[in-house]
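**Student:** Pasting a structure here, questions to come.
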Amino acid sequence: MECFETQMRTDPTLMNSPKTHPPGLLPEPAAPRDLVSIHDLAPSEILTLFSLTSMLKQRPADFRGVLAGKQMVMFFEKPSLRTRLTFEAGMDSLGGSTFFVDQTASRLNARESLYDIAHNLERWIDLIVLRTFSHAVVEEMATYADVPVINALSELEHPCQALADFFTLQEHFGDLSKIHFAYVGDGNNMAHSLLLAGASVGAKVSIATPQRYGLNPVIVTMAKAIADETKALLRILSDPRKAVAGADAVYTDAWASMGHEHEAEERAAIFTPYQVNAALMQLAKPNALFMHCLPAHRGCEVTDQVIDSVNSVVFDQAENRLHIQKAILVWLLGGGVGRFPARSAHA
Ligand code: CP
Ligand code: NVA
């Protein structure tokens, strides 16, 4: 995998360059970059990406045609509503085209090696988006392919969703380093990407999982290293009440992720104390936001009362998948984020 080395940091003159270009004339990035993990982004790059996202959300017409002639392929081993449609709609609105390959019947590398697939794709296509069971498949594709690779969900991470979520939080609260973000439930792909994203933006992050369903220790180590740099405060807990106490936002996800549906009954018994209901939300700050990546399992990890409340931002999160992914596509295919002037999310 090509390591992210930010153009903004290596060429600081780009940081404040005015937006003088027609969007279609953006230069190509010097080398292909991938988004396999939140860890691939420097903390400063995440905030710059959010500024670009804000511009794309406010002024979509300015970016129409910016990716004209670019082609993206998506291989999905698992079902999707939001991720597929937001990538396809986003690419279309930027002027590029998408080819979707339904890979749910067999794994991506069942017919031929990832090495061979990668060296075919890079001859035809400008960018590869993967939704896989194995995280190693995304990593390997990123290693082999000489074009950018985006992780659209693996068993280990869901970086596009976590970026959309923290962008949503920035819209609500402004300075992310001042918020207390709580996640309760399974120590899954969402929990991992949210921990890394929360660490990157310098937030206070509290995560509570049942002990047998805890976080991957490699992700926790990575997050702690990021937190040393950003001064984020990370709390890895098992008590959901402790995690949620005083939180500005409470997040949960499915108790049985895709690929684990057969464990749903066994998990339901263990995860019941982690249900986000009115009693648990009472422990958070008054008017704390409720968040969920969706699809939600109403009556399991969240009650109707909470997900349908005025403080639920689940559809804002879903909308922001479109805007953040457009920013990611422009960044990876259309030029460095440092070329765009930073703007307040509230401008
Ligand atoms: N949140 C999310 O990734 O939704 P889909 O599984 O529908 O893409
Ligand atoms: N953790 C969930 C996220 C779905 C968007 C899953 O992997 O199924």
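The values are calculated or read from the model by the stated rules, or taken from the named source; none is laboratory data. For clarity, every value in this text was computed on a predicted model and none was experimentally measured. Because the Cβ atoms are built from the backbone with ideal geometry, glycine has one as well, and the counts that use them run over all protein chains shown. Accessible surface areas use protein heavy atoms only, side chains included; no ligands, DNA or RNA. Shrake-Rupley method; radii C 1.70, N 1.55, O 1.52, S 1.80 Å.
**Student:** Kindly indicate the residue of the range 45-84 that is of a type in the set (S, T, N, Q) and within 23 Å of ILE125 (Cβ to Cβ) and also farthest from ligand 2 (Cβ to nearest atom) among those meeting that condition.
**Tutor:** Here is the first cut: in the range 45-84, the ones of a type in the set (S, T, N, Q) are 48, 51, 53-54, 58, 71, 80, 83.
In the following step, the residues that additionally are within 23 Å of ILE125 (Cβ to Cβ) were identified as 71, 80, 83.
Values: GLN71: 25, SER80: 8, THR83: 7 Å.
Residue satisfying both the conditions and the ranking: GLN71.
**Student:** Same structure again: Could you please let me know if ALA203 is within 16 Å of ligand 1 (Cβ to nearest atom), surrounded by 18 or more Cβ atoms within 10 Å (Cβ to Cβ), under 18 Å from the mean Cα position of the chain (by Cα) and at pLDDT 95 or above? First the steps, then the outcome.
**Tutor:** On the way: within 16 Å of ligand 1 (Cβ to nearest atom): no; surrounded by 18 or more Cβ atoms within 10 Å (Cβ to Cβ): yes; under 18 Å from the mean Cα position of the chain (by Cα): yes; at pLDDT 95 or above: yes.
No, not satisfied.
**Student:** Given the options THR221, THR209, name the one that is under 29 Å from THR132 (Cβ atoms) and open to solvent by 40 Å² or more (accessible area, probe 1.4 Å). If you could, list the steps in order and put the result at the bottom.
**Tutor:** Values: THR209 fails: open to solvent by 40 Å² or more (accessible area, probe 1.4 Å).
Going through THR221, THR209 in turn, just one is under 29 Å from THR132 (Cβ atoms) and open to solvent by 40 Å² or more (accessible area, probe 1.4 Å): THR221.
**Student:** List pairs: first in the range 171-186 and farther than 17 Å from PRO43 by Cα and modelled with pLDDT of 95 or more, second open to solvent by 10 Å² or more (accessible area, probe 1.4 Å) and of a type in the set (Phe, Trp, Tyr), Cβ under 7 Å, 6+ apart or cross-chain?
**Tutor:** Pairs found: VAL184/TYR274; GLY185/TRP255; GLY185/TYR274; ASP186/TYR213; ASP186/TRP255.
**Student:** Taking the range 137-170 as the region of interest, how many residues are aliphatic (A, V, I, L, M), within 16 Å of ligand 2 (Cβ to nearest atom) and more than 15 Å from THR86 (Cβ to Cβ)?
**Tutor:** To start, the set of residues in the range 137-170 that are aliphatic (A, V, I, L, M) comprises 137-138, 141-142, 145, 147, 149-150, 152-153, 156, 162-164, 169.
With within 16 Å of ligand 2 (Cβ to nearest atom) added as a condition, the list becomes 137-138, 150, 152-153, 156, 162-164.
Imposing the further condition that a residue be more than 15 Å from THR86 (Cβ to Cβ) reduces the set to 137-138, 156.
Selection size over the range 137-170: 3.
**Student:** Moving on to the next point. Identify all residues within the range 201-234 that are touching a Pro at 6+ places or on another chain (Cβ under 7 Å) and in a strand (DSSP E or B); write none if there are none.
**Tutor:** Once the filter is applied, which keeps residues that are touching a Pro at 6+ places or on another chain (Cβ under 7 Å) and in a strand (DSSP E or B), the range 201-234 yields only ALA208.
**Student:** In the range 257-294, how many are free of Cβ contacts under 8 Å to residues at least 40 places away in the same chain and surrounded by 19 or more Cβ atoms within 10 Å (Cβ to Cβ)?
**Tutor:** The qualifying residues number 2.
**Student:** Report yes if some residue within the range 323-334 is out of contact with any Ser or Thr (no Cβ under 7 Å at 6 or more places or on another chain) and free of Cβ contacts under 8 Å to residues at least 40 places away in the same chain; otherwise report no.
**Tutor:** no
**Student:** Which one is most open to solvent (accessible area, probe 1.4 Å), of the residues in the range 295-338 that are more than 16 Å from ILE150 (Cα to Cα), of a type in the set (A, V, I, L, M) and over 13 Å from the mean Cα position of the chain (by Cα)?
**Tutor:** VAL310
**Student:** Just checking: which of the helices (runs of 4 or more DSSP H) contained wholly in the range 265-335 hold 1 or more residues that are within 14 Å of ligand 2 (Cβ to nearest atom)?
**Tutor:** Numbers: elements: 278-281, 304-307, 314-334.
Passing ranges, in order: 314-334.
**Student:** OK, next. It is to be established whether one or more residues within the range 222-242 are within 16 Å of ligand 1 (Cβ to nearest atom) and touching a residue at least 24 places away in the same chain (Cβ under 8 Å). Steps first, please.
**Tutor:** Let us first name the residues in the range 222-242 that are within 16 Å of ligand 1 (Cβ to nearest atom), namely none.
Within the range 222-242 (the criterion being within 16 Å of ligand 1 (Cβ to nearest atom) and touching a residue at least 24 places away in the same chain (Cβ under 8 Å)), the answer is no, since none of the residues qualifies.
**Student:** Are any residues in the range 34-82 more than 20 Å from ASN320 (Cα to Cα) and in contact with a Lys or Arg (Cβ under 8 Å, 6 or more places away or on another chain), and if so, which ones?
**Tutor:** ASP40, ALA42, PHE75, PHE76, GLU77, LYS78
**Student:** Still on this model: Which of the residues belonging to the range 85-113 are touching a residue at least 60 places away in the same chain (Cβ under 8 Å) and within 16 Å of ligand 2 (Cβ to nearest atom)?
**Tutor:** THR86, PHE87, listed by residue number.
**Student:** Filter the range 164-179 for residues that are of a type outside the set (A, V, I, L, M) and open to solvent by less than 10 Å² (accessible area, probe 1.4 Å) and give the result.
**Tutor:** Looking only at the range 164-179, we keep the residues that are of a type outside the set (A, V, I, L, M), and these are 165-168, 170-175, 177-178.
Those that are of a type outside the set (A, V, I, L, M) and open to solvent by less than 10 Å² (accessible area, probe 1.4 Å): ASP165, PHE166, PHE167, THR168.
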